[in-house]
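Engineer: Have a look at the structure that comes next, please.
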Amino acid sequence: MGAVLAIRTAAAHPDQVAAVAGFHPGNLVTVAPDSPHRLVPKLAAQVHLGHAENDMTPKAISELNQALDAAGVGYTSETYPGTVHGFTMSDTDAFNPSALQRHWDRLLPLLDRTLANS
């Protein structure tokens with residue numbers, strides 16, 4: 001669904017969305033008034049973001065993490081080493097099998113925790 005759309009949906013429906021995960025999400029911090037990082041204070045969902053190495057600058061990741069911290073959102077945000085945008089997609093040159101495994105190792109526990117509580 002895409003991390004941007006997932007964050008927007010979770011912010012619009014905090015009583016209905018318990019978890020948001022974004023893998024190789026691209027830039028979530030922009031100057032636009034509807035930038036996803038500006039929606040963070042509306043989130044009630046737990047969040048996991050698995051960044052490809054060059055999708056966001058370290059400064060943008062830091063700004064996003066600061067927004068999540070300030071809003072009190074439970075989250076993890078990590079950069080997957082040796083990856084490029086699209087690393088979970090097995091039919092592309094970007095595919096990275098170890099990063100895909102890490103994706104599942106993060107996503108399934110997130111869903112287990114949040115769905116068990118809903």
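The numbers here are math on the coordinates, done by the rules we state, and not lab data. Computed from a predicted model, the values in this text were never measured in an experiment. Backbone-built Cβ (ideal geometry, glycine too); neighbour counts: all protein chains shown.
Engineer: Take segment 94-118 and flag every residue that is touching a Gly at 6+ places or on another chain (Cβ under 8 Å) and not in a helix (DSSP H, G or I).
Structural biologist: Within segment 94-118, Ala94, Phe95, Asn96 qualify.
Engineer: If you take the residues of segment 72-106 that are surrounded by 14 or more Cβ atoms within 10 Å (Cβ to Cβ) and among the hydrophobic types (A, V, I, L, M, F, W, C), which of them is nearest to Lys42 (Cα to Cα)?
Structural biologist: Per the criteria, the residue is Val73.
Engineer: Within segment 26-40, count every residue that is under 13 Å from the mean Cα position of the chain (by Cα) and closer than 13 Å to Ile61 by Cα.
Structural biologist: Total satisfying the criteria: 6.
Engineer: Hey, can you tell me all the residues within segment 103-118 that are closer than 25 Å to Ala60 by Cα and over 14 Å from the mean Cα position of the chain (by Cα)?
Structural biologist: Within segment 103-118, just Asp105 meets the criteria.
Engineer: Taking Thr30 as the residue in question, decide whether it is assigned to a helix (DSSP H, G or I) and hydroxyl-bearing (Ser, Thr, Tyr).
Structural biologist: No, not satisfied.
Engineer: Going through segment 51-107 one residue at a time, which ones are among the polar types (S, T, N, Q) and touching a residue at least 60 places away in the same chain (Cβ under 8 Å)?
Structural biologist: Thr88, the sole residue that qualifies.
Engineer: A further question follows. Does Thr114 qualify as being β-branched (Val, Ile, Thr) and in contact (Cβ under 8 Å) with a residue 60 or more places away in the chain?
Structural biologist: Yes; evaluated as a whole, the condition is true for this residue.
Engineer: Could you list, in sequence order, the residues of segment 1-36 that are surrounded by fewer than 18 Cβ atoms within 10 Å (Cβ to Cβ) and in contact with an Asp or Glu (Cβ under 9 Å, 6 or more places away or on another chain)?
Structural biologist: Selection gives Arg8, Gly26, Asn27.
Engineer: Within segment 35-48, work out how many residues are in contact with a helix residue (DSSP H, G or I) (Cβ under 8 Å, 6 or more places away or on another chain) and either assigned to a loop (DSSP other than H, G, I, E, B) or over 15 Å from Ala11 (Cβ atoms) (or both).
Structural biologist: Here the count works out to 4.
Engineer: Which numbered condition in (1) in a helix (DSSP H, G or I); (2) hydroxyl-bearing (Ser, Thr, Tyr); (3) under 26 Å from Val31 (Cβ atoms) is the only one that Ser77 fails?
Structural biologist: (1)
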